[in-house]
1. Just checking, which of P147, P137 is away from the ligand (no atom under 16 Å from the Cβ) and open to solvent by 30 Å² or more (accessible area, probe 1.4 Å)?
2. Checking W19 against (1) crowded, with 16+ Cβ neighbours inside 10 Å; (2) not in a helix (DSSP H, G or I), which test does it fail?
3. Which pairs do you get when a residue that is in contact (Cβ under 8 Å) with a residue 24 or more places away in the chain and under 11 Å from T102 (Cβ atoms), found in the stretch 311-324, comes within reach of a residue that is open to solvent by 20 Å² or more (accessible area, probe 1.4 Å) and basic (K, R), reach meaning Cβ atoms under 9 angstrom, with the pair 6+ apart or on two chains?
4. Does F371 satisfy the criteria of being crowded, with 21+ Cβ neighbours inside 10 Å and more than 16 Å from the ligand (Cβ to nearest atom)?
5. Is it fair to say R125 is surrounded by fewer than 14 Cβ atoms within 10 Å (Cβ to Cβ) and closer than 30 Å to L83 by Cβ?
6. For E198, state whether it is of a type in the set (D, E) and more than 23 Å from P170 (Cα to Cα).
7. Does R295 satisfy being modelled with pLDDT of 95 or more and either farther than 27 Å from G418 by Cα or open to solvent by less than 20 Å² (accessible area, probe 1.4 Å) (or both)?
8. Just checking, which of A128, A141, A80 is part of a helix (DSSP H, G or I) and of a type in the set (G, A, S)?
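The values are calculated or read from the model by the stated rules, or taken from the named source; none is laboratory data. Only a predicted model underlies this, so the values are computations on that prediction, with no experimental measurement involved. So basically every Cβ, Gly included, is an ideal-geometry build from the backbone, and we count neighbours across all protein chains shown. Accessible surface areas use protein heavy atoms only, side chains included; no ligands, DNA or RNA. Shrake-Rupley method; radii C 1.70, N 1.55, O 1.52, S 1.80 Å.
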Amino acid sequence: MTTVARAVKPYRNFIGGEWVESKGAQNVLNTNPADTRDMLGLAPQSTADEARAAVDAAQAAFPAWRDTPAPVRGRILFKAWQLMDQEKEQLARLLTREEGKTVKESMGEILRTINVLEYAAAEGRRLAGETLPSELPRNFAYTLRQPLGVVACITPWNFPVAIPCWKIAPALVTGNTVVFKPATLTPETAAAVVSIFERAGLPKGVLNLILGSGGTVGNAIIDHPAVRAVSFTGSNEIGAQIYARGAARMIRVQCEMGGKNPVVVMADADLDVAVEATAQGAFGSTGQRCTATSRVIVEEPVADVFVERLAARTRRIRVGNGAAEGVDMGPAVDDQQLDTDLRYLEIGRSEGATLVCGGERLAGGDYDQGFYVAPTVFDHVTTGMRLAQEEIFGPVVSVVRVRDFDEAVAAANSVRYGLSSAIFTRDSTNVFRFVDEIEAGIVHVNSGTPGGEAQLPFGGTKDTGVGPREQGSSAVEFFTEVKTVYVDYTGAPRKSSIY
Ligand code: NAP
């Protein structure tokens, strides 16, 4: 730790309802990716013992929380919903300062989160089981949903408000207690989210925050015998490790991971609409969205004009500090993500793709203080290229030219991922065939790949996701156990176990 760093405030863990300083010897300096001279704080690398203490606190809080009526649990989430709405401006500014997206994008993330909280809070008055007819006389058969116990929520840095909340809120309303481990890059936003739940009135220990490295605190949480489920969002590499670790303990694991989301543009599409949606999908949040548009698959007859318009639109994007007025795209989140972006720009060139615009690190003036890369379009990308196969997580979009619908769908499906997808066409046959044939968890027709609503399920197929979808009513599936109940009210012994 440098002398300067010592002057910066350390973040605390939230364990058993108390904000406690970590005893971990290491800290990670949290800086603004738009200007690394701006230091936000020090993220402790908590110890495995501290992670276990967070699970212990959640375990101790579980019985009382489980026995709290679901509508009462929901009421606390309504309060959190209200607080987040009241505090959205300052939260948006913090999110921009810590993660780098523009304030407008941060506000978009927070508004989405407010919807998530509203939906989950109302779940407290739904939480329905099923009542089914019995094949026996005077036998009442029904199901109910019960919480699992302590659940772990492990989240990435790119949506540090929305993703934690779309895990934590359904976990809580269904009666679980939570240990939340956010990404090391976004500890302050994580603490702000937890503070909202705390002030909303959650009892001590129901939600716990532990900061630290995945390898140390993540593993300690997953291995703790009290943890009954892990909801993870992040990279495939880490997701595979977490899935295997959870499987060894036979606990429930949900992983939402990478994407390589395609937009298909048919020759009959409204090209202006398709260009705008592609630019927003590819460069919004600096391409650091799991649902970012990273491939545009265009029918050959309109490919030249599409690329020309996309390039013109891309050149108009103003890159800079997301806190400044008029900026459209912020920096990469850190030096490592910047290196990844620059590496893929090099890979694209060396694979023989045509660089249409961008393709470089932005330098000079304020750019030298942050991690800025130019929004980039490559044309004549083929499906076998790494550019078309691998998740970059940066502002880079590849145009793949195809002859017809069948070739477009084959190209779209030629990757290991299956998160979001989009088609632009006026032909209803194309629309419905695309919906049938695309291998993706989310399909947009005539709108871009990002976006989603709180009441609808969210998640992917193939290597993108395992476990039930997040959000909407399917979130409840993951966080509850179904119990099947038979109540015999004949008052007499049955003749046999069957009839
Ligand atoms: P990441 O490196 O996989 O990290 C995700 C989280 O896992 C972080 O909190 C990380 O902690 C933690 N972690 C790391 N190693 C761990 C371990 N051994 N055990 C337990 N936890 C561990 O992902 P990221 O770079 O933050 O996020 C980018 C990725 O997320 C992209 O691939 C993106 O597509 C994906 N993503 C997917 C969705 C979706 O819904 N499908 C949504 C958003 C993002 P540290 O930060 O301390 O390393």
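1. Testing whether each residue is away from the ligand (no atom under 16 Å from the Cβ) and open to solvent by 30 Å² or more (accessible area, probe 1.4 Å) leaves just P137.
2. For W19, the exception is condition (1).
3. Pairs found: G322/R97; G322/K104; A323/R93; A323/R97.
4. no
5. It is true that R125 is surrounded by fewer than 14 Cβ atoms within 10 Å (Cβ to Cβ) and closer than 30 Å to L83 by Cβ.
6. It is false that E198 is of a type in the set (D, E) and more than 23 Å from P170 (Cα to Cα).
7. Judged against the criteria, R295 is a match.
8. A80 is the lone residue from the list that is part of a helix (DSSP H, G or I) and of a type in the set (G, A, S).
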